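Everything below concerns the one structure shown next.
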Amino acid sequence: MKNLINKINENLDKFLPVVYPEDIFKAMKYTLMLPGKRLRPIMCIETSRLLGGSEDDVMPSACAIEMLHVQSLIHDDLPCMDNDDFRRGKPSNHKVFGEANSVLAGDALLTMAPQIIIENSKNLSDTQIVKIIHEYTKFAGAYGLIAGQVVDIESEGGKLVKSAEKTLEFIHLNKTAVLFRLAVRIGAISANASEDELKTFDEFGKKFGLAFQIYDDIMDEISSFEELGKTIGKDKISGKLTYVSLYGLDNAKQKFNSLLDDCYDIIEKYNSLIFNEILDKLRNRINEA
Ligand code: GRG
């Protein structure tokens, strides 16, 4: 997995040269090149590989997903959103570049990502590229990430249109699971997967995404700044609706383990060392706590 992370980092660096006006490119590159786990590009590439696709062909799309993810992190940290001063162990983007450039850096990553897919996916057919861009725009926008963020903000202000359980699930299907679904779906499309395969991986991405959000909520409660690279305990202080606040730590762990069991089952027949390593790492970390 380390080799794959290095390759992803090299490609991210290559796809984003710093040119005039340097300030915006530096702001985009700052959070992008900090050491994130690169889970979404890894899962995109691994899905493609398992379904017979080539790593080189899917790499531009995998990097584009990381750019979209980083855009969401930069905007999420802004004072008008989650107001966080740290990300990936360093000061947040707006703390270094100011709010205006940080908003623009996010916007620029959001729009550069599909540009990179179109310009660099030489071995994918036009149909595959259109399908990938369609998925990207649908999942990033008001049917995906933005919907999740809006309901998250509304719920912090106490506005719940649905039950707390349904609201929480809506937020995290859209804020978190959506990017894992996007990653595996794009991996599958790059490999010209069948509808059935696409469905299988979509289900995997969805369950993994929900499990990952519960993991994130539990870690906010039990982990440290050194381990997570961001301010911890904020959810509790701000009275945020989370899996831990709604169900309690033990039930949240149970839900996490049950979703992870489903993930192992869905992916079993593919014998993927990478997916098993990711699932094992999350499970071990939560169950040792
Ligand atoms: C798409 C225009 C547009 C706006 C985005 C701000 C926003 C709307 C959405 C916020 C989405 C968000 C920040 C969700 C949190 C998901 C999450 C658990 C992130 C942490 O992911 P890790 O742990 O982070 O994989 P690293 O740093 O390792 O990549």
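The values are calculated or read from the model by the stated rules, or taken from the named source; none is laboratory data. As the structure is a prediction and not an experimental result, all values here were calculated from the model. Cβ sites come from the backbone with ideal geometry, for glycine too, and all protein chains shown count toward neighbours. Calculation scope for accessible area: heavy atoms of the full protein, side chains included, ligands and nucleic acids excluded. Shrake-Rupley method; radii C 1.70, N 1.55, O 1.52, S 1.80 Å.
Yes/no per residue for (1) hydrophobic (A, V, I, L, M, F, W, C); (2) within 24 Å of His172 (Cβ to Cβ); (3) under 18 Å from the mean Cα position of the chain (by Cα):
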| site | (1), (2), (3) |
| --- | --- |
| Arg88 | no, yes, yes |
| Gly98 | no, no, no |
| Ser102 | no, no, no |
| Gln115 | no, no, no |
| Val130 | yes, no, no |
| Leu145 | yes, yes, yes |
| Gln149 | no, yes, yes |
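Restricting attention to the range 59-81, does a residue exist that is within 13 Å of the ligand (Cβ to nearest atom), more than 18 Å from Pro114 (Cβ to Cβ), of a type in the set (Asp, Glu) and surrounded by fewer than 22 Cβ atoms within 10 Å (Cβ to Cβ)? The answer is yes, given that some residue of the range 59-81 is within 13 Å of the ligand (Cβ to nearest atom), more than 18 Å from Pro114 (Cβ to Cβ), of a type in the set (Asp, Glu) and surrounded by fewer than 22 Cβ atoms within 10 Å (Cβ to Cβ). A residue that is closer than 20 Å to His75 by Cβ, acidic (Asp, Glu) and more than 12 Å from the ligand (Cβ to nearest atom) occurs somewhere in the range 17-24.
State whether one or more residues within the range 40-52 are near the ligand (Cβ under 8 Å from one of its atoms) and open to solvent by less than 30 Å² (accessible area, probe 1.4 Å).
yes
Of all residues in the range 262-278, those being without any contact (Cβ under 8 Å) to a residue 60 or more places away in the chain and surrounded by 13 or more Cβ atoms within 10 Å (Cβ to Cβ) number 4.
With the requirement that a residue be surrounded by fewer than 19 Cβ atoms within 10 Å (Cβ to Cβ) and away from the ligand (no atom under 15 Å from the Cβ), what does the range 132-163 give you? Within the range 132-163, His134, Gly157, Gly158, Lys159, Leu160, Val161, Lys162, Ser163 qualify.
Just to be sure, is Leu78 in contact with a His (Cβ under 6 Å, 6 or more places away or on another chain) and more than 28 Å from Ala191 (Cα to Cα)? Yes: the conditions hold for Leu78. Among the residues of the range 99-121, the one identified as more than 12 Å from the ligand (Cβ to nearest atom) and hydroxyl-bearing (Ser, Thr, Tyr) is Ser121. For the range 1-39, the set of residues classified as open to solvent by 50 Å² or more (accessible area, probe 1.4 Å), touching a helix residue (DSSP H, G or I) at 6+ places or on another chain (Cβ under 7 Å), free of Cβ contacts under 8 Å to residues at least 60 places away in the same chain and not in a loop (DSSP other than H, G, I, E, B) consists of Asp13, Met33, listed by residue number. Pairing residues of the range 122-143 that are part of a helix (DSSP H, G or I) with residues that are polar (S, T, N, Q) and surrounded by 12 or more Cβ atoms within 10 Å (Cβ to Cβ), at Cβ distances under 6 Å and at least 6 apart in sequence or on separate chains, gives Ile129/Ser121; Ile132/Ser61.
State yes or no: is Val96 touching a Lys or Arg at 6+ places or on another chain (Cβ under 9 Å), among the hydrophobic types (A, V, I, L, M, F, W, C) and away from the ligand (no atom under 13 Å from the Cβ)?
On the way: touching a Lys or Arg at 6+ places or on another chain (Cβ under 9 Å): yes; among the hydrophobic types (A, V, I, L, M, F, W, C): yes; away from the ligand (no atom under 13 Å from the Cβ): yes.
Yes.
Report, ordered by the first and then the second residue, all pairs with beta carbons closer than 9 Å, sequence separation of six or more or different chains, a first member in the range 209-228 that is in contact (Cβ under 8 Å) with a residue 12 or more places away in the chain and farther than 24 Å from Tyr264 by Cβ, and a second member that is in a helix (DSSP H, G or I) and of a type in the set (Val, Ile, Thr). Cβ pairs passing all conditions: Asp220/Val244; Glu221/Val244.
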